[in-house]
């Protein structure tokens with residue numbers, strides 16, 4: 001499938017050098033806005049895809065008030081390619097739809113990413129989407145248990161690998177991805193939902209403050 005790309009800066013989903021960028025066409029019916037590029041609506045395109053950070057798609061498209069509230073949707077969708085902090089991007093695309101997203105646009109977007117070899121999960125327009133809303137409270141809890149002296153990092157990771165069958169433990173995973181980045185993710189979720197589980201853990205706050213000093 002052909003697609004074109006509009007860039008506004010470095011993309012977390014598709015860093016420079018990725019073949020997905022190199023295979024883009026000069027013009028196509030599917031348009032991807034990457035790296036903070038400003039969205040330009042075009043109802044004649046099959047689908048328009050906006051790379052999301054921590055924000056909702058509605059930040060880019062707007063959301064109606066009054067009787068139109070909760071009826072948002074067009075040929076514009078959001079997406080995020082999951083990364084564990086600053087690790088290399090994974091193969092999973094979280095595709096974000098609104099209540100009235102055009103089904104033809106959704107199918108076109110899904111087919112595009114799958115044709116490029118990605119796995120696609122569709123979700124509604126919520127900050128944090130699926131993965132971060134599930135895993136960040138777990139990482140925060142593990143970091144707090146470490147601070148409280150419940151167990152060593154090694155023992156917590158070993159317990160999760162051997163007892164729960166995880167491929168790696170929460171401490172080693174969140175530290176490898178970068179605690180300063182984890183702070184930014186959880187802070188954004190905490191500001192949105194106000195749930196204590198999303199409040200940045202002390203170690204993530206320290207990492208963020210140290211990064212700001214350097």
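Computed quantities for the displayed model
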{"item": "Residue list for segment 202-214, restricted to those being within 24 Å of residue 89 (Cβ to Cβ) and at pLDDT 95 or above", "result": "204, 207, 208"}
{"item": "Test for residue 132: is it on the phi < 0 side of the Ramachandran plot and loosely packed, with under 14 Cβ neighbours inside 10 Å", "result": "no"}
{"item": "Candidate set: segment 128-148, residues that are part of a loop (DSSP other than H, G, I, E, B) and at pLDDT 95 or above; chosen: the one farthest from the chain's Cα centre (by Cα)", "result": "130"}
{"item": "Residue, surrounded by the most Cβ atoms within 10 Å (Cβ to Cβ), within segment 180-214, restricted to residues that are closer than 12 Å to residue 136 by Cα and without any contact (Cβ under 8 Å) to a residue 60 or more places away in the chain", "result": "186"}
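The values are calculated or read from the model by the stated rules, or taken from the named source; none is laboratory data. Remember, predicted model here, so these are calculated numbers, not experimental data. Quick reminder, even Gly has a Cβ in these numbers, built from the backbone with ideal geometry, and neighbours come from all protein chains shown.
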